[in-house]
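Asker: Sharing a structure below in structure tokens format, with a few things to ask.
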Amino acid sequence: MLVIGASGFLGSHVTKQLVARGDDVRVLIRTTSSTRAIDGLPVDVRHGDVFDTASLRSAMDGCDVVYYCVVDARPWLRDPAPLWRTNVDGLRTVLDVAAQADLARFVFTSSIGTIGRSEHGLADENTAHDWLDVGGEYIRSRVAAEKLVLEACGDRGLPGVAMCVANTYGPGDWLPTPHGGLLAAAVRGKLPFYIDGYEAEVVGVEDAAQALLLAGERGRIGERYIVSERFMSTREIHEIACTAVGVAPPRWGVPIRLMSAAGYVSSALAGLRGTDTRLTPLNIRLMHIMTPLDHSKAVRELGWQPRPTPEAIVAAAQFFRDAGRRPAAAEESR
């Protein structure tokens, strides 16, 4: 088994679960990547990146299943070139190698951002994407990446399976993820308000990792699977998390339209400074653009049985509380 991107949040949990079930596990990470999420695990560590054909070939040699967990998830970047370079160009190099390798499955970590919206009922894997014009370069790159994988399945015999993963919560979110960062601030009493109107699909990171492992065994080649457990508001998420660690939850609700207006001001100031800011109109739009999803295909075909996401939110809150008590560490490389 090979995990590409094992140092990341989801990739590290995939790695841990593979080790726990007794598999021989190989990981491919960059020399600059932090390994604290996988330190101590009995894995074969290879160094390289998604543009290094030689290291990719060597890492895939002898492996039955590749779990691809690499993504640049920074929709707020003023210059989208890094998004396209990692999410599309790097993936294209990996697929060139994977299509020639003797693999049983190539499990690709996609995004629920590749799923369309539904005005009536739940959206599912067959719901055509209908918001590319307002999703920004991040969503465009993710849709393009998934298309590359599925086309490689049909054109080059890649045994690929695309896993459309929602916002993940749980322990070990060291970087943290953007939504994890908000949760960390809330449980540490540093977030005085919640965003009223921010609703998203969510899933426990351990359950998401389990879905990827099941896809490596049972996923139908050329298919997509939604990996999400439920639709939740940020207010509910923060209340669950803060209650779990005995902290008062954010008290004030700021309307999402007001946050969007603030995003225009923040973006203008960042442009003058020549820097990036996470408070952008696009970032706020992505917080409430999607509709609830149906994950029954993953349950039916993979045998996936996700636990209630509030359990993972509690675990995340406890992780962030405990991590906040440790001495500050150097910032991790992406």
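Asker: Give a quick list of trypsin sites (Lys or Arg not before Pro) in region 1-39 that DSSP marks as loop, anything other than H, G, I, E or B, with at most 10 other Cβ atoms within 10 Å.
Answerer: ARG21
Asker: Right, something else. Could you identify which residue out of VAL245, VAL165, VAL65 has the top mean-square fluctuation in a GNM of the chain using Cα springs shorter than 10 Å?
Answerer: VAL245
Asker: Placing unit charges on C-beta atoms (Lys and Arg positive, Asp and Glu negative, everything else neutral), compute the dipole magnitude of region 1-84 about its Cα centre in debye, rounded to 20.
Answerer: Computed charge dipole of region 1-84: roughly 240 debye.
Asker: Order the peptides 150-161, 299-310 from the highest to the lowest mean number of other Cβ atoms within 10 Å of their residues.
Answerer: Ranked by mean Cβ neighbours within 10 Å, highest first: 150-161, 299-310.
Asker: About its Cα centre, what dipole magnitude does region 268-324 give when the only charges are +1 on Lys and Arg Cβ and -1 on Asp and Glu Cβ, stated in debye to the nearest 20? Display every interim value, and only then the final one.
Answerer: Working: 7 positive and 5 negative charges, 29 e Å.
With only Lys, Arg, Asp and Glu charged at Cβ, the dipole is about 140 debye.
Asker: Which residue, chosen from ILE256, PHE231, GLY274, occupies the Cα position most advanced towards the positive end of the dipole of region 227-281, where the dipole is computed from +1 (Lys, Arg) and -1 (Asp, Glu) charges on Cβ about the Cα centre?
Answerer: Checked the options; the winner is GLY274.
Asker: Same structure, new question: Excluding same-chain residues fewer than 8 positions from LYS147, which lysines have a Cα within less than 28 Å of its Cα?
Answerer: Straight-distance partners of LYS147: LYS297.
Asker: For the chain, what is the charge dipole size about the Cα centre, in debye to the nearest 20, if Lys and Arg each add +1 at the Cβ and Asp and Glu each add -1 at the Cβ?
Answerer: On the way: 36 positive and 40 negative charges, 181 e Å.
For this selection, approximately 860 debye.
Coordinate-derived values only; no laboratory data. None of the values given here were measured: they were computed from a predicted structure. When we count neighbours, we look across all protein chains shown, and the Cβ atoms used for this are built from the backbone with ideal geometry, even at glycine.
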